[in-house]
Every structure is written in C-alpha cells, then in structure tokens.
Amino acid sequence: MSAWAKHQILETNAILLMIGALIVISIGGIVEIVPLFYLKNTIETVDGVRPYTPLELAGRNIYVREGCYNCHSQMVRPLRDEVERYGHYSLAAESMYDRPFQWGSKRTGPDLARVGGKYSDTWHLDHLNDPRSVIPASIMPSYRWLAETELDITYLDEDLMVQKALGVPYTDEMIENAKRDAVIQGTLDPVEADDLLARYPNANIRDFTGTVTASGRLTEADALIAYLQSLGTAIDFNLYDDNANIR
Amino acid sequence: MADPSNEKLDTVTGFKTTGHEWDGIAELNQPLPRWWLWIFYACILFSVGYWIVYPAWPLVFSATNGVIGWNSRTAVDEAIAQLQADRGPMVDKLSKTEIAAIKDDPELLDFTRAYGSIAFKENCAPCHGAGGGGAKGYPNLIDDDWLWGGSIDNIAHTIAYGVRNANSDSRYSEMPAFGRDGILTGAQIRDVTQYVRSLSGLPVPHGSDLEAGAKIFADNCASCHGDDARGDQEIGAPNLTDAIWLYGSATPDVVATITNARNSSMPAWSERLDPTTLKALTFYVHNLGGGE
C-alpha cells in the first residue's frame, strides 16, 4: 500500500480522523502550554501582588457582568508602543489571582491593565455615568444604573470561598470579614481600617463615589471604581528587575 | 463511508471519483494542487528552522532557548533602548534646558511641543479636554484664570504632584461642606449663593438678600476666597468675581457647590511619567495661552 493510500484510511474513517486530529492538536497544545509551568517569568511571584479585597472582587464581578472585557483588554504586551503608552508591560504574576483572567482580546477602548490611579474617582464616576460628558467623541456605553444600584454583598463571603476553592489564598479570617471589609473599604471607617490594611496591604480606603457617607449605602459604582483604581498598581516597578526571571 | 470498490473513472476529466454519488453527481478524487503541497512542505521546513533559532520545545526542566537567545522581555527592552537612543539627543537637551529657554531653540521648541502634545492627549485630555478647554469640574487650561497659579513653577508643581491626592507633596485644601455638615442653614446658603453670583454680574432673583449674603460671606468664606472674593492661589480657592465657573454658575450648581463642597482631585503625574515628559507637559500647558 502506498503512503497515499494509507492516508486514505484516515480520510475515509471519521473516528480515526478525529483521533488523529486530536493527537496532532494535543502536541500543539503541549508544546505551547507545558513550558509555561516552568518558565520563570510565568511562575515568578512578585512583591506587592495580593488577592483582591472583597470590594474590589465585587467590582470585578460587575466588570465581568457588564462585559467590559468585550471592549477592554487588561494586558500591556511587551511591545514598544504599548509600553510607551500604558506603562510597564503586564507580568503574569499580576493576574495570578484573577479567576478567570481579564486579559481580553479586543480593544475597542484602551487597555485597562494600568488604569489604577490614572484618573480620579470623580472622573470614573462621571465617565461611567456618561462617557460623553468627559470624552465628547467616546463610543463607550453609559452605565448610569451602577451609581443608582445598591451593591449586593449578600454572597460576598461565598464569593471569596469560591475563589479560595479555585486556588486564591483567602484565609478563613478574610472570608469571615468579607462583608465588613467591603463596607469599611467603601466608607472610610478609620478605626477599622488597620485590620483591613493588614489583610490587604495598600488597599485604597475611601468613599469612591462621594455619596456613601451621606447615603449610608454602597453602590455598584463604588465597587467597580475600587476595582478600576486597583488595576496595575500592585507592583513597584522601580524595584522590579525585568531581567531577573527571564526563563 | 466511501467504498474504494465503488471508485469509478470520471469519463470527462479522466480522474477517479471517491465512490460517493448523490443523484448521479459524483465527487472527484483529485490530488492536492502542487503549489499548495509545496507551500505546505516549505512551512514544515521553516518551522524546523524556527525551532532551532527561537525558543520552542518544552524539555523536562526548561524549554529550548533557541540559538539567538530571543526573549520578549529583552526584545522590548532593546526596542525601548533604541527609541531612547533615537530621541536621546533631543531628550537630553530638553532635560538640560530651562523651560523658559526652550523657545530660543527652534528645533527643541518643535520637539517639546510635539512631545508635550502627545503626552497631553494620552494623559490629560480625558479630563481637561483634547485642546485643554476643560469641562465641568475639570479646569480650562487655556485661559489665564488659574486655581493654583500659572507661572512655570506653579504649573510644574501642580502637574508633578497633583491636587488632593495621596501624594505627600500634593496641592491640598478643603472647602467645608457648609450644608451637609450643618454649618449654614438652607436659607443662609441661598443668600450667600446669590451674593456670590452677583459678584460676577449675574442677574439674581428679585428679593435676594445680598446684604445678608455679604455678611455670611465675610464670616465664612473670606478666609479662603479673600475679602474681595478674588480667591487665593496658595490654597487653590477660585476667584469668584471673574465669571469663570468650574462647577457651573446656575443657582442649583452654586448651591450644590456650597452645600457639599467639590474638592476635586487630580493624580500626581510624577508617579506615572518621567521628569522629561513632565517638563514637556509643563511647557505645553504654559504655552496653551494662559501661562504667566
């Protein structure tokens, strides 16, 4: 039988063809994925990276719920133009507690991996309420209801539990205090702030929308802005050595 | 399933058919086109070369590094080093030149303008507008009305350390929330609102008690905004007589300002941008029209 005719066996037998295709694709997958398990720059741990605070996690859930990732990536690629525009390229370590990650694949709007601290909370609120009020030509939709809807923290502790089951190192203490931590972070209760900061170093603690102190309730916008303001701020790149973990 | 025994010769083309037949229509079993096959083989050959040159195969404890030692991290570092080398002489010159002297060197002037304008579009335009014209709550940088001062030094400081943020050198001041914190009553706020509006010649409703408003102003507001209400750039208190309103001049806007205070903030750009970029931005903003 010639080689050509042997190939015909595969081509004329659906099951065999499927098994063959599976083997070939697995080889591709193994070659692409397995090295990531031991490449230093994908498994390095970097000082400063910590799990999300409960309020940030709630904001992240809203980010996912509203599909912000359809227009925004969170991944500054190691390319000159991106580093020039957005800042230091993203490290794998920065998404190590993202379940699931928000790298995205579409940039209708700008990358958000380093947006934390770039704007004021007021700007984010204005921008979410009506993007056109600050960027006249913006095509981003308005998310006006976020500032009007009270944040539902009923299941926040369970949320942390799910994240923990997926491998995020939330401690029992963190889970127990999840709801209170969210309230403290959003309303600036300085007496309790120390506990929160011990659990989540460098967390921003304040009234993100400027309405919580007066109304006594957290809104979805508070959580989302807390999340946005935390993005890309964990690592001090003055101390990080780009070349320490190349391979 | 195709059955080889069903293969027939197609009389028109002379090729065999696969043996499938639908209502008399049969499928030719032609070999792949030559050109396609050769490109396919060439790709396989190319990939072998690629495996040798670039990092590729996973081994037990690491992956093959490739003979040229390419790596995305070093590659971007090199690309940026190259960029800095290209810009180097001008950036160097800019970092060594006093802002006031930039305009004496036409080449440096062009470079600084372009550099500043790009940095402004990326970082500042979302708040201050693409042309620096500002928006409600975000000051106009083109006019010669300044909250924190329009000299080169003042602008440089405002940009580098921002306003009301966590940076220890940030510009800072806080207007009290007169209504929310119960310092003034609703009626007092209405009076002082109309008084403040009258200062820049806005028409006030009939029956407004401007005298009471003036008294409230002298007692509560003059310490920051000045006896003549012309503001104080040391603490970013705006001039209230100049008909330029950051938060709107309509009665409800001014009432809201006095009731809740605004105390808006701007990030400290020295935390994100390098000193040369800050310098170019300072020059750019100073030259937008209102620099002192």
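The values are calculated or read from the model by the stated rules, or taken from the named source; none is laboratory data. On a predicted model such as this, the values are computed, not experimentally measured, just so you know. Don't worry about glycine lacking a Cβ; one is built from the backbone with ideal geometry, like all the others, and counts go over all protein chains shown.
Values for this structure:
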{"item": "Residue in region B:158-171 that is of a type in the set (V, I, T), modelled with pLDDT of 95 or more and in contact with a helix residue (DSSP H, G or I) (Cβ under 7 Å, 6 or more places away or on another chain) present", "result": "yes"}
{"item": "Wholly within region A:144-194, helices (runs of 4 or more DSSP H) carrying at least 1 residues that are under 22 Å from A:V49 (Cα atoms) and assigned by TED's automatic domain parsing to the domain that holds A:S95", "result": "A:156-165, A:172-176, A:178-187"}
{"item": "Selected residue (only one of B:V53, B:V60 is more than 14 Å from chain A (Cβ to nearest Cβ) and more than 36 Å from the chain's Cα centre (by Cα))", "result": "B:V53"}
{"item": "Of residues in region B:223-247 being of a type in the set (G, A, S) and surrounded by 14 or more Cβ atoms within 10 Å (Cβ to Cβ), the one nearest to B:D191 (Cα to Cα)", "result": "B:A229"}
{"item": "Residues being within 25 Å of the chain's Cα centre (by Cα) and among the hydroxyl-bearing types (S, T, Y) - total across region A:1-44", "result": "2"}
{"item": "Selection within region A:103-130 - part of a loop (DSSP other than H, G, I, E, B) and at the interface with chain B (Cβ under 8 Å from one of its Cβ atoms)", "result": "A:G117, A:K118, A:Y119, A:S120"}
{"item": "Scan of region B:232-250 for residues that are without any contact (Cβ under 8 Å) to a residue 60 or more places away in the chain and not charged (D, E, K, R), ordered by number", "result": "B:L240, B:T241, B:A243, B:W245, B:S249, B:A250"}
{"item": "Residue in region A:204-212 that is assigned by TED's automatic domain parsing to the domain that holds A:L156, assigned to a helix (DSSP H, G or I) and buried (at least 21 other Cβ atoms within 10 Å of the Cβ) present", "result": "no"}
{"item": "Selection status of A:D130, modelled with pLDDT of 95 or more, within 16 Å of A:Y63 (Cβ to Cβ) and in the same structural domain as A:I235 (by TED's automatic domain parsing)", "result": "no"}
{"item": "Single residue of region A:213-247 satisfying the filter (more than 11 Å from every other protein chain (Cβ to nearest Cβ) and of a type in the set (D, E)) that is surrounded by the fewest Cβ atoms within 10 Å (Cβ to Cβ)", "result": "A:E220"}
{"item": "Positions within region A:39-57 being in a helix (DSSP H, G or I) and either away from chain B (no Cβ under 14 Å) or touching a strand residue (DSSP E or B) at 6+ places or on another chain (Cβ under 8 Å) (or both), in sequence order", "result": "A:P54, A:L55, A:E56, A:L57"}
{"item": "Residue within region B:168-191 that is at negative phi, touching a strand residue (DSSP E or B) at 6+ places or on another chain (Cβ under 9 Å) and not in a loop (DSSP other than H, G, I, E, B) present", "result": "yes"}
{"item": "Pair list, Cβ < 8 Å and 6+ apart or interchain, from region B:164-182 residues that are within 17 Å of A:Y119 (Cα to Cα) to residues that are loosely packed, with under 13 Cβ neighbours inside 10 Å", "result": "B:R164/B:E174"}
{"item": "Residue that is of a type outside the set (F, W, Y), within 14 Å of chain B (Cβ to nearest Cβ) and part of a loop (DSSP other than H, G, I, E, B), where the choices are A:V24, A:V31, A:V76", "result": "A:V76"}
{"item": "Cβ pairs under 6 Å, 6+ apart, first in region B:72-92 and away from chain A (no Cβ under 12 Å), second surrounded by 14 or more Cβ atoms within 10 Å (Cβ to Cβ)", "result": "B:M90/B:F111; B:V91/B:T276"}
{"item": "Scan of region A:56-75 for residues that are touching a residue at least 60 places away in the same chain (Cβ under 8 Å) and hydrophobic (A, V, I, L, M, F, W, C), ordered by number", "result": "A:L57, A:A58, A:I62, A:C71"}
{"item": "Selection count, region B:254-267, where residues are within 14 Å of chain A (Cβ to nearest Cβ) and either closer than 13 Å to B:G179 by Cα or not polar (S, T, N, Q) (or both)", "result": "8"}
{"item": "Subset of region A:218-247 [among the β-branched types (V, I, T) and either out of contact with any Ser or Thr (no Cβ under 9 Å at 6 or more places or on another chain) or under 29 Å from A:A58 (Cα atoms) (or both)]", "result": "A:T219, A:I225, A:T233, A:I235"}
{"item": "Check on B:I152, of a type in the set (V, I, T), modelled with pLDDT under 95 and farther than 30 Å from A:G109 by Cα", "result": "yes"}
{"item": "Sole exception among (1) under 30 Å from B:A130 (Cα atoms); (2) in a helix (DSSP H, G or I); (3) under 22 Å from the mean Cα position of the chain (by Cα); (4) not β-branched (V, I, T) for A:S133, by number", "result": "(3)"}
{"item": "Unmet requirement for A:I15, which otherwise passes all of (1) in contact with a Phe, Trp or Tyr (Cβ under 6 Å, 6 or more places away or on another chain); (2) part of a helix (DSSP H, G or I); (3) without any contact (Cβ under 8 Å) to a residue 40 or more places away in the chain", "result": "(1)"}
{"item": "Single unsatisfied condition, A:P100 versus (1) within 14 Å of another protein chain (Cβ to nearest Cβ); (2) surrounded by fewer than 17 Cβ atoms within 10 Å (Cβ to Cβ)", "result": "(1)"}
{"item": "Boolean, A:M140 is hydrophobic (A, V, I, L, M, F, W, C), assigned by TED's automatic domain parsing to the domain that holds A:G87 and in a helix (DSSP H, G or I)", "result": "no"}
